[in-house]
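Undergrad: Below is one structure. I have some questions about it.
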Amino acid sequence: MKHHSQFPLVPIASANGVWLTDVEGKRYLDAVSSWWVNLFGHANPRINAAIKQQLDTLEHAMLAGFTHEPAVQLAERLGALTGLGHAFFASDGASAVEIALKMSFHYWRNTGQPNKTKFVSLEGSYHGETLGALSVTDVAIFRDAYAPLLNNNILVPFPSGAGGPIGDDAFPCCIECADAAAAALEVLLAARHDEIAAFIVEPLVQGAAGMRMYHPAYLRRARELCTKYGVHLIADEIMTGFGRTGSMFAWEQVSTAPDMKPDLMCLSKGITGGYLPLSCVLTTDNIYAAFYDDSVARGFLHSHSYTGSALACRAALATLDIFAADDVIADNREKAVRFTTLTLPLKKHPRVKALRHLGMIWAFAVDTSTENFAKKLFAAGLARGVLLRPIGNTVYFMPPYVIDDESFAMLVRETLAAIDEVVA
Ligand SMILES: Cc1ncc(COP(=O)(O)O)c(C=O)c1O
C-alpha cells in the first residue's frame, strides 16, 4: 500500500472492448487482458447476453449432490476439446492446481503407492499462490516470505540455453536445450520416481517468470519419461489455454496422440472469457476409476462453495460458442502475422532484446539498469493510455483477441515512447 502513495490505484469505472475507462474518463488499452483472462473484449455483447439469460433461470446451486445444465454441458464440451473426459470444477487457477496436486497424490495412495508425496516443477514455474500451488512455484518474490510454510518439492532445469537469464540470446530454446533439460529430468525420475507423484508444468511458456517460451520437444520427452517412470504429468494451462499460444490448448502443439495426453489439465482465466471466476481440472478414465469406490476415504473430497457456478459456466459456454462460430483460432493466426509485422519498430530499437512471439503473446526484454523499471514503465504507459505490467525488465503484450490493427499499432508506438521516457 505504501508504494501506492507514489503509484496511485487507478479507479476503473467502465470497460468496453480492449478499453478500460477510469472515473475521470481517461481510457487505457488493456494490453494484459486484465491479468490474462479477457479474450473477446470487455462488455462483450454475446457473453453479456448469455449471462443475463442465465441470471433469470439459475444463478448458482451447490455442485455437491446436485448438478445443472451449464456445468454438464461445459464438462462435455471441455472433455471433447481436450480428450480428457472427466471434469472437476473449482473457482480459481490456484484452486485448480490444489485439486490436481491432491488428486495425483490420492490416486497413488488409492493404488498402493502412498509414498509418492513429492511434486516436480520447472525452475521459474508459477502455479498460483495458495500454499500447495506456491510449493510448486519458483518465483522468489511470491515464494520467499512463505518458504517455511511450503512443502519441499523438487525443481528441474528450465529448457533454455545453460539456464541462462530470461531473454538471453539462446532464446527461444533450441532443441539441444530441450534434450539437455529432459536428460536432467530423467536422472531425477529414474532415481526418485518412488516418491514422486507428478510433474507439473506450464506448457510452452512460463508466464509469471517473464514469458519464457520453450520448445515443445521438451514436453514430448517429459511425457514419455513420466509414462516410463510412473509419474503423472499435470499440464497447467491456466494461462496458456483458450488460444493464447496459437492453438486452443498449448498441449496440442506438443502432441495430439491419445497416449501423449497429460494425465491432468488445469484450466481457468480465459475459460469464462474473463468474466467470472471458474476453473476446471480435467483428467483421464484411469484416474477417475481409482476413486470410484464404496469407501468415502477413497473418494476425492474437495470442495469450494462457488465451484461450477451456473453463471460462470454459462459465460464459459458462450466463450466456447464464440470460438466455434468465429473460427477464432484460425482468425488469430492471421492476426498474429499482421501484429508481428507491427512489432518491427520494436525490433529496431537499440534497447529492445529477445523479441519473441507465440500465438497471441509478444514479449521482449529492455536492456536498462533503470531502477524500478517495471513500475516506471507501468506509470509511463498509463500516462500514454496503455496498460502494461512489465515483469522485471520484460515487457509483454497479451491483449484481448478482439484488438484491431490500429490499436495494436498504437500499443507498440506508445510502448516505445514510454520506454524512451523511462530509460532516458
Ligand atoms: C500458469 C498459472 N497457473 C496458476 C495461476 C493461478 O491462477 P489464479 O490467479 O486464478 O489463482 C496462474 C495465474 O497467473 C498462472 O499463470
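Computed from the coordinates by the stated procedures, all read-outs in this text should not be read as laboratory data. Model, not experiment: these values are computed from the prediction. Because the Cβ atoms are built from the backbone with ideal geometry, glycine has one as well, and the counts that use them run over all protein chains shown.
Undergrad: Which residue, chosen from 339, 231, 284, occupies the Cα position most advanced towards the positive end of the dipole of the chain, where the dipole is computed from +1 (Lys, Arg) and -1 (Asp, Glu) charges on Cβ about the Cα centre?
TA: 339
Undergrad: For a quick check of your reading of the filter: which chymotrypsin sites (Phe, Trp or Tyr not before Pro) in the stretch 1-103 sit in a DSSP loop and have no more than 16 other Cβ atoms within 10 Å?
TA: Passing both the DSSP loop test and the Cβ count: 66.
Undergrad: How far apart, in nm, are two points set 7 Å out from the Cα along the Cα-to-Cβ line at residue 2 and at residue 338?
TA: Each label point is offset 7 Å from its Cα along the Cβ direction, giving 4.8 nm.
Undergrad: Taking the Cβ-Cβ separation of residue 60 and residue 259 as r and a Förster radius of 45 Å, what is the calculated FRET efficiency to the nearest 0.05?
TA: E(calc), rounded to 0.05, equals 0.70.
Undergrad: Scan the stretch 58-133 for trypsin sites (Lys or Arg not before Pro) in coil per DSSP, keeping those whose Cβ has at most 14 other Cβ atoms within 10 Å, and list them by number.
TA: none
Undergrad: Here's a follow-up. Give me the one-decimal nm value for the distance between modelled label points at residue 73 and residue 146, 7 Å along each residue's Cα-to-Cβ direction.
TA: Going by the 7 Å Cα→Cβ label model, 3.6 nm.
Undergrad: Compare the peptides 289-295, 91-97, 129-135, 247-253 by average per-residue count of other Cβ atoms within 10 angstrom and give them in order, highest first. If you can, show how the numbers build up before the last one.
TA: Numbers: 289-295: 11.9, 91-97: 24.7, 129-135: 19.3, 247-253: 21.4.
Order by mean packing, descending: 91-97, 247-253, 129-135, 289-295.
Undergrad: With a Cα-only, solvent-free Debye model of the stretch 172-246, what are the log10 I(q)/I(0) values at q = 0.11, 0.18 Å⁻¹?
TA: The Debye formula, applied to the Cα set alone, gives -0.28, -0.74.
Undergrad: Expressed as cubic angstrom per residue, what is the convex hull volume of the alpha carbon set of the stretch 246-386?
TA: Per-residue hull volume (Cα only) is 212 Å³.
Undergrad: Rounded, prolate or oblate, given the Cα gyration tensor of the chain, with a/c below 1.5 counting as rounded?
TA: In terms of gyration-tensor shape, oblate.
Undergrad: Calculated from DSSP H runs of 4 or more alone, at -39500 (n - 2.57) each and per residue, what is the 222 nm mean residue ellipticity of the chain, nearest 500?
TA: So the helix-based figure for the chain works out to -11500 deg cm²/dmol.
Undergrad: What shape does the stretch 29-157 take by its C-alpha gyration tensor, where a ≥ b ≥ c are the square roots of the eigenvalues and a/c under 1.5 counts as rounded, a/b above b/c as prolate, and the rest as oblate?
TA: oblate
Undergrad: Dipole of the chain, Cα-centred, from +1 at each Lys and Arg C-beta and -1 at each Asp and Glu C-beta, to the nearest 20 debye?
TA: That gives the chain a dipole magnitude of about 560 debye.
Undergrad: Take the Cα radius of gyration of the stretch 127-260 and divide it by 2.2 N^0.38 Å, with N its residue count; two decimals is plenty.
TA: Output field value: 1.03.
Undergrad: Right, another one. Tell me, what HN-Hα J-couplings in whole Hz come from the Karplus equation 6.51 cos²θ - 1.76 cosθ + 1.60 at θ = phi - 60° for each residue of the stretch 276-293, using x for Gly and Pro?
TA: These are the phi-based 3J(HN,Hα) values: 9, x, 7, 9, 8, 10, 9, 8, 8, 4, 4, 5, 4, 4, 5, 9, 7, 7 Hz.
Undergrad: Distance from the Cα centre of the stretch 239-287 to that of the stretch 397-419, in angstrom?
TA: Cα centroid of the stretch 239-287 versus Cα centroid of the stretch 397-419: 27 Å apart.
Undergrad: Turning to a different aspect of this structure: If we count other beta carbons within 10 Å of each Cβ, what is the order of 388, 264, 320, fewest first?
TA: So the residues, fewest neighbours to most, are 320, 388, 264.
Undergrad: I would also like to ask the following. Given R₀ = 45 Å, FRET efficiency for residue 420-residue 228 by Cβ-Cβ distance, to 0.05?
TA: According to the calculation, E is roughly 0.30.
Undergrad: Take the chain, connect every pair of alpha-carbon atoms lying under 10 Å apart with a spring to form a Gaussian network, then pick out the residue of 81, 20, 225 with the largest mean-square fluctuation.
TA: 81
Undergrad: If you don't mind, there's one more thing I want to ask. Under 20 Å from a point placed 7 Å out from the Cα of residue 331 along the Cα-to-Cβ direction: which residues of the stretch 4-36 have their backbone N that close?
TA: 16-20, 30-34, 36
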